[in-house]
Protein chains: 2
Amino acid sequence: MTTVSWKERVVEARRRLAESIPAELRIEVPQGKINVQKEGIQFLTKFEKDIISLDATTLLEAIKGKKYTCVEVFKAFSKSAAIVHQLTNSLTEYFPDEGLLMAQKLDDYYEKTGKTAGSLHGLPVSIKDHLELAGHLANMGFVTWAERRSPKNEDGIVKALRQEGAVFYLKTAMPMSGMVLETASNLWGHVKNPYNTNLTSGGSSGGEAVMVALGGSAIGIGTDTAGSIRCPAAFCGLYALKPTCFRFAYTGMLFPSPSQISIAGCPGPIAKSITDVKMFSKFLVDSEPWNSDPNVVPLPWKNDIEHKFKRKLTVGVIKFDGAVMPHPPVLRAIEICRERLQREGHEIIDLELPFDSYELMQNASKMYFLSGFKECKKLCEESGEPLIPALEKVLERFNIEEFGGSVNFKINAYRNGVRKSFLEMWKKTATQTQSKREIDAIITPNSSCSAFPHDFLPWWGYTTTYNVLDVPSLVIPITGEYADPNKDSKDLTYEPINDWDKENYEIYDAEAFSGIPLNIQLVGKRYLEEDLIAIGEIIDRAVNKKGCE
Amino acid sequence: MTTVSWKERVVEARRRLAESIPAELRIEVPQGKINVQKEGIQFLTKFEKDIISLDATTLLEAIKGKKYTCVEVFKAFSKSAAIVHQLTNSLTEYFPDEGLLMAQKLDDYYEKTGKTAGSLHGLPVSIKDHLELAGHLANMGFVTWAERRSPKNEDGIVKALRQEGAVFYLKTAMPMSGMVLETASNLWGHVKNPYNTNLTSGGSSGGEAVMVALGGSAIGIGTDTAGSIRCPAAFCGLYALKPTCFRFAYTGMLFPSPSQISIAGCPGPIAKSITDVKMFSKFLVDSEPWNSDPNVVPLPWKNDIEHKFKRKLTVGVIKFDGAVMPHPPVLRAIEICRERLQREGHEIIDLELPFDSYELMQNASKMYFLSGFKECKKLCEESGEPLIPALEKVLERFNIEEFGGSVNFKINAYRNGVRKSFLEMWKKTATQTQSKREIDAIITPNSSCSAFPHDFLPWWGYTTTYNVLDVPSLVIPITGEYADPNKDSKDLTYEPINDWDKENYEIYDAEAFSGIPLNIQLVGKRYLEEDLIAIGEIIDRAVNKKGCE
C-alpha cells in the first residue's frame, strides 16, 4: 500500500486542481457569507454574460443560427466556471484545453459541411464526478481513488453526449459515496450554495447544480437515488427531472456498491428552464438508451403530449409528510404555488401520504445500506480517511449493520406495499375532485429545508419517498421568491413530533437560512415523464407568470 | 398450534378434493405408465370432444357466433378436467357448481343484451394455485396452508379475467414453494406428464399445463421465475410465453417470500396455439395492468407489428449452453427447427452464450434463495412436514444459507454484467449475419431434458438464464415429433464436463424418456413481446407446416 498519508494526497489533489485554473482567472476569495448569484461573476464581458445567461435550448439555436460559434460559447462558460469554482468549490477537474479543441472541431465541421455534428452541437456540459469520461478523474469523493482516471470506453449518457456534439471541460464534485444530500468529501471539501455560501449547495449533484446556476455550464446531469438531483436543483434555484428508473441509461458510471436494486438510482437533467429539461430528456431517450443499458425500458419519447392537457389541471398537494414539518420558506412556496394555480382556475386538493413516512424512511435506509456500507468503509480504510460527518450520522441514525436476505425480502415487500397504496390513493382521487378526474400530479416540498448548514444531516423523506415509489418528479423554482426573514419567521409554537422533526425544527434560523430560492416538487406517474413535463410547463407558466411563450 | 399431524391434514385435503369429483365422473385409474394424450379422455361425447379440441381464440369466436353456449363449453371442459385430474393428479380444487353458475349468467347476459360480457366471454380458464381467487384454496403446496382460502378482494390477472367474462371452476397444483421445475408437494403428491405418467409434467405451473394439454381448460396461466411457465409447457407439448417482468400484472398472488427482486417472476399464458398466446397476452395488456400492479410499465399492446417481419428472418441458435449437454431429443428438436427454417430461406447463425452458464446458475441460486429459504422452512416447521426431495437437493447443491447485503450487491452486479454482455452479443450479430441485420430472435432448448422422472433435480440453466437476463421467451412445440428411442439413442461416447452434466447424462434412458413432445424456446428482446410473438408465428408456420392461415 501507499506510504503517503491521505491528507497528503488531498493536498496534492487540491493543488493540481487549483493549478488547472489559468493564472489570469484566479481571484481573491472573500471570507464569510457571499451571495455569488447576486454579486455576479467577475472578469466576464457583456458578450460573455449574455451567453451564459441563456438556457441550453436557446443556446443551441443561437449556435445553429450562427449567432455564436462553439468556441465563443465555450470560452464564456469555461471562463465563468473557473471563477464559480473558486467561489463555491464545485469542481474536481478543469480541462479547458480539451474543451477548446472540441469546440474548435465542431465549428470547423459546421463550417465545412453546413451541418451541425448532432443535436447538442457545441453545448458546454458539466459532468458529475462518477460519470466515466475517458481519461478524466472519477473518484466519488474517496481519497483512495483521488488519482483514478476513467477507462477509454465511454458508455451511456457520456457516450451519447459526445456523439451529439456536447463539449466537455470540467468534472464536478459529489460527496463521498454519493449517499448524502450535501456535497462534501475529505478530498474536495464542501460545495457552497450560490445564494448563501454559509449553506450547502445540496447534494449529491451539488457541483452540477452550482455550475448551472452560476453559468459555469449550460446544463448539468445529476443522479438521484435519495434526492441527489432534486435537492441541489431546489437549493440552487433550478429546474430538474428525476425520471422513473430505467427510462434513461444508467451505465458508464462508477459506483462503490453498484447494485443496490431495491431503490435504483437514475440520472436526469439539472437546468435553467423547463424547456431545457424537456429538450435534454428527449435527447436522452432519442439516444436509444436501451441499446447501452440492458435495464432501460424501450419507450420512445412521446412528442406532442401537450394536447392532453388543453384543459384546467387537477393537482394534489401534500404539504407535510406527517414526519418532519418543513421550514417556513418551504411551506410558503407551496402556498404561493397553490394560490397562483387556483387564480388561473386549476383545481387543488389536499392529500396525505397513504403510509407512515418515518417508517418508509427507516425501511429505505435498510435498502440503501443493506451491506452495512461495507464497500465504502473499505474504500475509506484503504486510504485511512474517516467517513464524512453526514455519513457517520446517517449510519448511526439508522442503526446500520449488514442486513441478511430475509430482511431484504421484507423491505422489498414493504416497498411494493407502499407503491401499491400510493397507486390506489392516486386512483381514488377521481372520487374526490370536482373535475371527477384523478389528479394530474402532486405538488410537495423537495426538502424540509430551503437549504441547510454544511455537515448537517437533513430529513430525506421529501425526496426519498419518490425514489421508493419510483415515480418521476420535477423541480420547479418559484422565480424571484427567496427565503426571507421578514416572511419566514420561525413558528415558535410548533412542537416537534419526533427526534428528526426536532432537529429540523431546531436548526432553522430565519436569518441564517435567508436568500435561498423557493421551489416545489411536482410528482407524476411511473414512466410518464412526457406527461409530467407537459403538466410542469403549465404550472411553470402559471406560477412564474411567463405567459404563453 | 394444531394437534392434527401434517399427514392427517394431507389425507383430509385429498379426501375433500376426491369427493369434489362427481360420482358419475369417477374412474378406475390404471397403474403404470400411461400416455393419457394418446388414449384420450373417457366419457366425453363427440360434441364435447369437438369443443375441448379447440383453441381459446376459436372457442371465443364460436361462443360469440352462437355455435356453442357458455354452458355447453363449460360442461365439456369441466367434465374433461375431472377425468384429467384423476389420471394426472393436477388439481387442488374443483368447483363446477360455481363455474356452471358463471356460465349460465353469461349466457343469460348475452341472450338479454345481445352483447358479450367481455373479451373472454365464457372462456373456461384454469387458475394456478397461488393466484388468489376469492374464497378458494391457495397454499403453494404447503400443508400449513392446506385449508387457507383467498381473501375477497381479487387483483391483477384474476380480477381482469373475471371482468372480461372468464369462467372459473378449478385450481391447479404447484410444487411446494414454486421453486422447482416439477410439480410435487407433500400435500398433493406429483403431477404426471400427459404423454408419459412415469415422468413429471414439469413445473411449477404443471397443473396448468396438464389441464390445457388434455382439454381440462381452454387456457392456463403460469408464473415463471426460473422456468416455471416454459418447462411444463414444453414437457406437455404446448405454446407459452414468459414475458419480460412487469409487462403483465403480478399482484393478487400468494408468495412465501414475496420480494426476491433480483430475478423477478412474471405470469404468462400456457396455450394450445400461438394465436392463443397472442390473444391472451393482448388481453393482459389491454386490462391496463399498470393500474393494478405499480411495478408494471405502462406499455400499451402494439397491434399490427407483423408488417415489421415481411421478410426472411435471421435467427441465432444456442444449442448447448456450455454447462449441461441437452438430451438427444432436445438436440434433435433444434436441428429439425434449423432445417425447416433454412428450407424456407431464413438465415440461421450459431451463437454461444457470452458468459459462463454454470457460474450464472450459481449466482442465480443465491438470488433465489437469498434468505436461506427461511420463510419456506418456517412454513414447513409450522405443519411438521419435510421439504420435498427436489428442494432438499437444490438447497444442498447450491450450498444455500442466508446471504448478507454485500453478497446481494455482488450478485446484482453480476446480473447486470451478464445482461450487458448479452445485449452486446446481440448487437454484434449485425456484423456476423449475411443479412447484415442483427438477429431477430434466438432458438435454444427449454431444458436439458425432454422431461424427467419425478423427484429428480434437473439443470435449470436453459430457462433460468432468460430470467436472469429478463428477456421474453416463447415455447413452441414441434407438432408430431416426440422423444423416440429409435431416433434419440443415448450418445455413449459423451464425456460429461461437470457434476451436473454427469447427472443429466446418466439419467437419460431413451426408452424411459420416450413419448414426450419436442419443442424449442424462442428468445426475444426486453419488452418486445409483440415482436417476439410475430417472429414466433413465422417460425411456427415454417416448423409446423401450417401454411398461411
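The values are calculated or read from the model by the stated rules, or taken from the named source; none is laboratory data. Computed from a predicted structure; not experimentally measured. Virtual Cβ from ideal backbone geometry, glycine too; neighbours counted across all protein chains shown. Accessible surface areas use protein heavy atoms only, side chains included; no ligands, DNA or RNA. Shrake-Rupley method; radii C 1.70, N 1.55, O 1.52, S 1.80 Å.
Looking at A:ARG338, A:ARG343, which one is among the charged types (D, E, K, R) and closer than 27 Å to A:ILE497 by Cα? Residue meeting the stated conditions: A:ARG338. Residue check: B:LEU528 meets all listed conditions (1) under 30 Å from B:ARG397 (Cβ atoms); (2) buried (at least 20 other Cβ atoms within 10 Å of the Cβ) but one, namely (1). Total residues in the stretch A:102-152 satisfying the condition of being open to solvent by 40 Å² or more (accessible area, probe 1.4 Å), of a type in the set (Ser, Thr, Tyr) and in contact (Cβ under 8 Å) with a residue 60 or more places away in the chain: the figure is 1.
Checked against the criterion of being within 30 Å of B:MET367 (Cα to Cα) and of a type in the set (D, E, K, R), the stretch A:315-335 has no qualifying residue. Take the residues in the stretch B:382-413 that are within 14 Å of chain A (Cβ to nearest Cβ) and in contact (Cβ under 8 Å) with a residue 60 or more places away in the chain, then tell me which one is surrounded by the most Cβ atoms within 10 Å (Cβ to Cβ). Per the criteria, the residue is B:ASN408. In the set (1) in contact with a Cys (Cβ under 6 Å, 6 or more places away or on another chain); (2) open to solvent by 10 Å² or more (accessible area, probe 1.4 Å), the condition left unmet by A:ILE520 is number (2).
Selection of the stretch A:106-144 for residues being touching a helix residue (DSSP H, G or I) at 6+ places or on another chain (Cβ under 8 Å) and of a type in the set (Phe, Trp, Tyr) yields A:TYR110, A:PHE142. Of the residues that sit in the stretch B:446-459 and are surrounded by fewer than 24 Cβ atoms within 10 Å (Cβ to Cβ) and on the phi < 0 side of the Ramachandran plot, which one is farthest from the other protein chains (Cβ to nearest Cβ)? Checked the stretch B:446-459; the qualifying residue farthest from the other protein chains (Cβ to nearest Cβ) is B:PRO453. Put simply, of B:VAL296, B:VAL315 the only residue that is crowded, with 20+ Cβ neighbours inside 10 Å, under 30 Å from A:ASN467 (Cα atoms) and within 24 Å of the chain's Cα centre (by Cα) is B:VAL296.
Would you say A:GLY40 is more than 28 Å from the chain's Cα centre (by Cα) and without any contact (Cβ under 8 Å) to a residue 12 or more places away in the chain? Here the answer is no, as A:GLY40 does not meet what is asked.
Answer yes if at least one residue in the stretch B:511-523 is within 22 Å of the chain's Cα centre (by Cα), within 14 Å of chain A (Cβ to nearest Cβ) and at pLDDT 95 or above, and no otherwise. Checked against the condition, which is being within 22 Å of the chain's Cα centre (by Cα), within 14 Å of chain A (Cβ to nearest Cβ) and at pLDDT 95 or above, the stretch B:511-523 yields at least one hit. So which of A:GLU352, A:GLU339, A:GLU375 ends up being in a helix (DSSP H, G or I) and open to solvent by 50 Å² or more (accessible area, probe 1.4 Å)? On inspection, the qualifying residue turns out to be A:GLU339. Of the residues screened, B:ILE334 is one that is in a helix (DSSP H, G or I) and either more than 14 Å from chain A (Cβ to nearest Cβ) or not aromatic (Phe, Trp, Tyr) (or both).
Pairs are defined by a Cβ separation below 6 Å, a sequence spacing of at least 6 or placement on different chains, a first member in the stretch B:365-381 that is more than 15 Å from B:ILE261 (Cα to Cα) and within 9 Å of chain A (Cβ to nearest Cβ), and a second member that is assigned to a helix (DSSP H, G or I) and of a type in the set (D, E, K, R); no pair meets this definition. Taken over the stretch A:237-265, residues that are farther than 19 Å from A:SER281 by Cβ and either more than 11 Å from chain B (Cβ to nearest Cβ) or touching a residue at least 60 places away in the same chain (Cβ under 8 Å) (or both) amount to 8. The set of residues in the stretch A:416-445 being away from chain B (no Cβ under 11 Å), part of a helix (DSSP H, G or I), of a type in the set (Ser, Thr, Tyr) and open to solvent by 20 Å² or more (accessible area, probe 1.4 Å) consists of A:THR431 alone. Of note, A:GLU511 does not satisfy the criterion of being part of a helix (DSSP H, G or I), surrounded by fewer than 24 Cβ atoms within 10 Å (Cβ to Cβ) and out of contact with any helix residue (DSSP H, G or I) (no Cβ under 9 Å at 6 or more places or on another chain). For the stretch A:115-166, a residue qualifies if it is under 20 Å from A:ALA209 (Cβ atoms) and among the hydroxyl-bearing types (Ser, Thr, Tyr), and exactly one does: A:SER126. Residue pairs whose Cβ atoms lie under 6 Å apart, sitting 6 or more positions apart in sequence or on different chains, and linking a residue in the stretch A:482-498 that is touching a residue at least 40 places away in the same chain (Cβ under 8 Å) to a partner that is open to solvent by 100 Å² or more (accessible area, probe 1.4 Å), are A:PRO496/A:LYS502. Being under 20 Å from the mean Cα position of the chain (by Cα), more than 19 Å from A:ALA56 (Cβ to Cβ) and among the acidic types (Asp, Glu) holds for only one residue in A:GLU111, A:GLU93, and it is A:GLU93.
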